[in-house]
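What follows draws every value from the coordinates through simple rules; no lab data is involved. Here the structure is a predicted model, which means the values were calculated and not measured. No Cβ is skipped: glycine too gets one built from the backbone with ideal geometry, and neighbour counts run over all protein chains shown.
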Amino acid sequence: MATYDRKSLEAGSFINHEEIVETLAQARAQAGDPALVRALLDKAATFGGLGHREAAILLQVQDPMVLGEIFALARRVKEHIYGRRIVMFAPLYLSDYCVNRCAYCGYNHDNQIPRRKLDSGQLEAEVRVLERLGHKRLALEAGEDPVNCPLDYIIDCIKTIYSLKFENGAIRRVNVNIAATTVEDYRRLKDAAIGTYVLFQETYHKPSYLAVHKGGPKRNYEYHTEAHDRAMQAGIEDVGLGVLYGLYDYQYDTVAMLMHAEHLEAAQGVGPHTLSVPRIRSAAGMVAKDYPYLVSDEDFKKVVAVLRLAVPYTGMLLSTREPMGYRDELITLGISQMSAGSCTGVGGYAHEHKLGEEESVPQFEPMDHRSPSDFLKDLLRGGYIPSFCTACYREGRTGDRFMRLAKTGQIANVCQPNAMITLQEYVEDYGDQELRDLAGKVINRELASIINPKAREVTETYLQRIRNGERDLRF
Ligand code: SF4
Ligand code: SF4
């Protein structure tokens, strides 16, 4: 039987089942100790994060008063590190061919649905719509199918996307969410200049993993769980983890995801760049309510808040799987990146924006249907500053260099002006008068909050240059 070793490269050691079970048992025994819970909150308030055993104790909290304190502290940590910025991104589905049989997914190989993948003209149409919506940062999504959707095709798509230039600019960062693969293939993705490589674990609980991954290469739990190590060995510095909440007990999966983060830091020298926290939704061939581990809204808020306390410097992503009002609540608890106006089917953007393409079956049903512009307005009304920044990756601030800046708080010195500059760009290129007014107030507030007069002056100059027609300025 494997023993727990966070530095080991074997899934059974760094995601060690016995360690998780023992962690949860100890947490249940200790959660009733108010002095211990208080000490953990005090520790988290120093922005140094929490270990998986500590986070497990906070996940046990049920007392509404203490939960209220956890939420308030998560809010404080988030605002200290991220200010009031929310980075925007959009998913782009390239292909729904898939050889895997994941029970929770509309693209499950067993589903008798018409399949398609984008040809180069269709890809250009999708990217044109995304650019018209103002997006600069994409997350590419594709099912796994070495015949219909080989890596060559994905790489060609990435090259095409980076090469397209429209009236108001181009897509500046392409993150990729595709199946686990070999070190050699990850090298090819790295050479294609991807941003973050994202791979969701779905669930870390192996029996549950095997129960829902009924066939196909993804069924290999170890190969899948060790994929981020291979990606990092290939030189990809920014990787993203994710759990599909609802497949197994949320406490087990949250503790395991934190162990995975600790493992990457110990074994590869840098932790994950992002965590994603989707909750299961109905899709073709499955109904979400049939899953016994669905996470309630209240418990899910606790998950987001505890993750924010545990890994304060790791970006946390939320998709349109969550409905409108609830997404707004989750923002305050720790979410730092959000999608808006998302289409979750191949060809969805061109279809929705009436460019004549047919949309295929979506991977899941989105719950938030606001357009990016309406979503931005809601964020601005709430006092947040939407950001279309992609600067770090393009300035070489990746991997441990990025984490050093994040952990010393220096990253905020570039995040804040970059948010203002990219929002000003959005206003100039896509905004109506209402957005212009709302954004103007928030940008002025942010500008006034820059303490260093020199930094404030340079930011002001950049904002004016954007108003005068320059684009893609960044710190
Ligand atoms: Fe294929 Fe991914 Fe869906 Fe599984 S989750 S069926 S691998 S697209
Ligand atoms: Fe993200 Fe870097 Fe831009 Fe900050 S400056 S929003 S960390 S890309």
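Under the criterion of Cα pairs below 8 Å and six or more residues apart, the relative contact order for the stretch 91-130 equals 39 percent.
Do the alpha carbons of any pairs in K78/K441; K136/K165; K165/K190; K7/K43; K43/K78; K136/K159 sit beyond 19 Å of each other, and which pairs?
Going by Cα-Cα distance, K78/K441; K165/K190; K7/K43 fall outside the 19 Å limit.
Put in line by how crowded their Cβ is, counting other Cβ atoms within 10 Å and starting with the fewest, R279, R436, R75 read R436, R75, R279. For the chain, a crude dipole built from +1 on the beta carbon of Lys and Arg and -1 on the beta carbon of Asp and Glu, taken about the Cα centre, is about 1080 debye to the nearest 20.
Contact order for the chain, expressed relative to its length and based on alpha carbon pairs under 8 Å spaced 6+ residues apart, stands at 19 percent.
What relative contact order, as a whole-number percentage, does the stretch 409-467 give when Cα pairs under 8 Å and 6 or more residues apart are counted?
On the way: 26 pairs, mean separation 27.5, N = 59.
After rounding, I find 47 percent.
Each of G348, F300, V212 was scored by the projection of its Cα onto the charge dipole of the stretch 79-370, and the greatest displacement toward the positive side belongs to G348; charges sit on the C-beta of Lys, Arg, Asp and Glu.
Using only side-chain charges placed at the Cβ, +1 for Lys and Arg and -1 for Asp and Glu, the dipole size of the stretch 107-204 relative to its Cα centre rounds to 500 debye. Taking a ≥ b ≥ c as the square roots of the Cα gyration tensor eigenvalues, the stretch 409-467 comes out prolate, since a/c reaches at least 1.5 and a/b is larger than b/c. Ranked by the mean number of other Cβ atoms within 10 Å of their residues, highest first, the peptides 239-251, 403-415 come out as 239-251, 403-415.
Antiparallel versus total DSSP beta bridges in the chain: what percent is that, nearest 5?
Just about 15 percent of them are antiparallel.
Amide H to amide H, with H built 1.01 Å from N, V198 comes under 5 Å of V176, N177, I178, G240, counting only residues 5 or more places away or on other chains.
Helix-only estimate, please: 222 nm mean residue ellipticity of the chain, summing -39500 (n - 2.57) across DSSP H runs of length 4 or more and dividing by its residues, to the nearest 500. Mind dumping the intermediate values first?
Details: 21 runs with 231 residues, N = 475.
That calculation yields -14500 deg cm²/dmol at 222 nm.
Going from the fewest other Cβ atoms within 10 Å to the most, the residues E124, E141, E222 appear in the order E222, E124, E141. In terms of its C-alpha gyration tensor, the stretch 213-296 comes out prolate, because a/c is 1.5 or above and the ratio a/b outweighs b/c. Between the alpha-carbon centres of the stretch 381-432 and the stretch 130-203 there is a gap of 21 Å. Sparsely packed loop sites in the stretch 276-324 (the chymotrypsin sites (Phe, Trp or Tyr not before Pro) outside DSSP H, G, I, E and B with at most 15 other Cβ atoms within 10 Å) do not occur.
Each residue of the stretch 170-177 is assigned a 3J(HN,Hα), and the resulting list reads 8, 6, 10, 9, 10, 8, 10, 10 Hz, derived from the Karplus form 6.51 cos²θ - 1.76 cosθ + 1.60 (θ = phi - 60°), x at Gly and Pro. Among H213, H17, a tally of other beta-carbon atoms within 10 Å of each Cβ gives an order, fewest to most, of H17, H213.
Each residue of the stretch 231-244 was assigned a 3J(HN,Hα) from its phi angle through the Karplus expression (A = 6.51, B = -1.76, C = 1.60, θ = phi - 60°), giving 4, 6, 4, 7, x, 7, 8, 10, 10, x, 9, x, 10, 8 Hz with x at Gly and Pro. By the gyration tensor of its Cα atoms, with a ≥ b ≥ c the square roots of the eigenvalues, what is the shape of the stretch 79-370: rounded for a/c under 1.5, prolate for a/b over b/c, or oblate? Taking the square roots of the gyration eigenvalues as a ≥ b ≥ c, the stretch 79-370 is rounded.
Using a Förster distance of 35 angstrom, determine the FRET efficiency expected from the C-beta separation of E22 and Y223, and round it to 0.05.
E(calc), rounded to 0.05, equals 0.85.
Look at the dipole of the stretch 1-128 built from charges on Cβ: of V87, L24, G51, the Cα furthest out on the positive end belongs to V87.
Between R75 and R381, 0.36 nm times their residue separation minus their Cα-Cα distance comes to what?
Between R75 and R381, full extension yields an extra 108.4 nm.
Reported to the nearest whole Å, the Cα centre-to-centre distance from the stretch 1-58 to the stretch 260-309 is 16. If the segment from A266 to R132 were pulled out straight at 0.36 nm per residue, it would be longer than the present Cα-Cα gap by 44.0 nm.
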